[in-house]
Amino acid sequence: MKTLDRRRMAKARLLALPLVFAAAGCVRPDLPPANAGIPVPEQWAESETAPLASDVAAYWTQLDDPLLTQLVEQALGNNLDLAQSAARLEQARAQLASARAGFFPQLSASAGANKDVGDFAQKKLGFNAGLDASWEADLFGQISGNVAASRADLAAAGYSLADLQRVIAGQVALTTIQARATALQLGIARDTLKYQDDNLQIARWRVQAGLVSSLDVEQARGQRAQTAASIPLLESSLAASANALSTLIGEPPGRVLGLLQGSELMPTPPATEGLGAPAEVLRRRPDVRGAEQSLIANSARIGVARAQLLPLVRLTGNLGTSSVGIGSLFDVITGGVFATVSQLLFDGGRTRAQVRSAEAAAQGSLAAWRQQILTALEEVETAGVDLKSARERVAIQGEALDASNNAALLARSQYQAGLTDFRDLLTSENQLLAARNAVVSAEADRTSAFVRLTQALGGGWSPAALPIPSNDRLEP
């Protein structure tokens, strides 16, 4: 019961945020209520809703593939796209510090020395020193609005880094799975080629013995050539996948290809029990959270733009002294404090245009947030169905492989004994090759569907793995 209440609270928070913006005047008040939120279903259409049985932050470790785990973790540490995103995060942090500085007065000091020249010039050096101060009162929220927008920008940059981490981890996992499948199919092609060499030799012997016509030899040659032609294509595909992985993990091509060659392992995903409630999944998705923070930032900038239309209060002050000779520099100190109020009267509509621009940016962010929610829901629904379908195909293709293997053994023995013609052997061998490749493809699809599903559920990132200070930690 408590779990259900937490899900309803999470859903209420998700749906209420745009309404809060509208009530606060951050979003244009003339928008229809339908544009303020988006309905989030309480359960999935094609999959069961239940708490996740395991943590999906490092889901790749559940595949029990040391090489895949090594590649993913190396990519998370060395990927250059992640390095660029981390730099943007540092930039956003610096911008937040700059915005917070607006709450404090600005102080500047000056000092100088001068010497007169000419007939009546004094022989001693002249010295002067001064201190200027200014402070802007945040009466209408211009400074605090900038701080709020910069804080949301920092959070959005953090979630952007988290989402890129999620995407990179999934991309490495999917590419590794595809490379595993290609390596396995390459091994199948080479193994099949050996059998077809034997078949070709047997056909030649039978032709020499006058038992069959040369048609059997030509058919055997054609079958062998087709299989041999597939090997360079598979080798090229494997090299391309290895090179892509090398780029993802931040190193030159070469080493990864050696790790993938001769691979005989296809990772098997664990059983999944439920997908979590849709609202819970959306709160875990960093792309959805980042879009939410961008909406908050652009909404705050509306208030900043509107504040330019209101009076500005500024306090300034200065202290100064000057003398001939350094010893009496501070004997006489003068200063003053000034308060000014300024109000924009006319600027050709530039400031009001900035307000409209800020409102339009907020509306665009709201649409982007709603689109991100729909995309996330779509990805989970699709990946859940794909995983279920792939598991069914693995079972069916396994049965087909067993039947094709038995048929090939029978056809080979009968052809060697002269009980059947080469056409039957050719058909059974082709069916066996197709069945073996189909099993590999089905197993790869099953593992890939697991990766896509855990990605869609928000797996692949954790706040502790991001370069963010503890006081600015993102929520998982």
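A short reminder: the numbers here are calculations on the coordinates, not readings from a lab. As the structure is a computational prediction, the values presented were derived from the model and not from experiment. Cβ sites come from the backbone with ideal geometry, for glycine too, and all protein chains shown count toward neighbours.
The table below gives the values:
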read-out: For q = 0.12, 0.18 Å⁻¹, Debye-computed log10 I/I(0) when each Cα of the range 232-301 counts as one equal scatterer; value: -0.68, -0.81
read-out: Once the Cα gyration tensor of the range 277-368 is diagonalised, semi-axes √(5λ) in Å; value: 49, 22, 9
read-out: Among 61-68, 346-353, 76-83, the order from most to least packed when residues are scored by Cβ within 10 Å on average; value: 61-68, 76-83, 346-353
read-out: Sequence of TRP44, TRP461 once ranked by neighbouring C-beta atoms within 10 Å, starting from the fewest; value: TRP44, TRP461
read-out: Rg/Rh ratio calculated on Cα atoms of the range 264-314 (Kirkwood radius); value: 1.43
read-out: Scattering profile of the range 98-233 at q = 0.12, 0.19, 0.20, 0.22 Å⁻¹ [log10 I(q)/I(0), Debye over alpha-carbon scatterers]; value: -0.82, -1.09, -1.13, -1.20
read-out: Simple label model, 7 Å out from Cα along Cβ direction - ASP191 to GLN43, nm; value: 4.4 nm
read-out: The range 336-476, Rg to Rh (Cα coordinates; Rh as Kirkwood inverse mean 1/r); value: 1.46
read-out: In Hz, Karplus ³J(HN,Hα) per residue of the range 68-76 (6.51, -1.76, 1.60; θ = phi - 60°; x = Gly, Pro); value: 4, 4, 4, 5, 5, 5, 5, 5, 5
read-out: By average C-beta atoms within 10 angstrom, highest first, the peptides 235-247, 165-177; value: 165-177, 235-247
read-out: In the range 85-155, chymotrypsin sites (Phe, Trp or Tyr not before Pro) in a DSSP loop with at most 13 other beta-carbon atoms within 10 Å; value: PHE120
read-out: Rounded Å value of the spacing that divides the Cα centres of the range 80-114 and the range 249-271; value: 44 Å
read-out: For the range 377-440, average projected area of the Cα convex hull in nm²; value: 4.6 nm²
read-out: If the convex hull is drawn through the Cα atoms of the range 61-123, its volume per residue in Å³; value: 196 Å³
read-out: Hull volume in cubic angstrom per residue (convex hull over the Cα atoms of the range 187-274); value: 150 Å³
read-out: Loop trypsin sites (Lys or Arg not before Pro), the range 55-158 (other Cβ atoms within 10 Å of the site Cβ: 11 or fewer; DSSP); value: LYS115, LYS123
read-out: Phi to ³J(HN,Hα) by Karplus 6.51 cos²θ - 1.76 cosθ + 1.60 over the range 87-104, Hz, x for Gly, Pro; value: 5, 5, 5, 4, 4, 5, 5, 5, 5, 5, 4, 5, 5, 5, 5, x, 6, 9
read-out: Mean projected area in nm² (Cα convex hull; one quarter of hull surface) for the range 406-454; value: 3.4 nm²
read-out: For q = 0.26, 0.27 Å⁻¹, Debye-computed log10 I/I(0) when each Cα of the range 124-200 counts as one equal scatterer; value: -1.11, -1.13
read-out: Tail beyond 18 Å, pair distance distribution of the range 212-364 (Cα, percent); value: 83 percent
read-out: Estimated inter-spin distance, LEU211 and ASP347, nm [label 7 Å along Cα→Cβ]; value: 9.7 nm
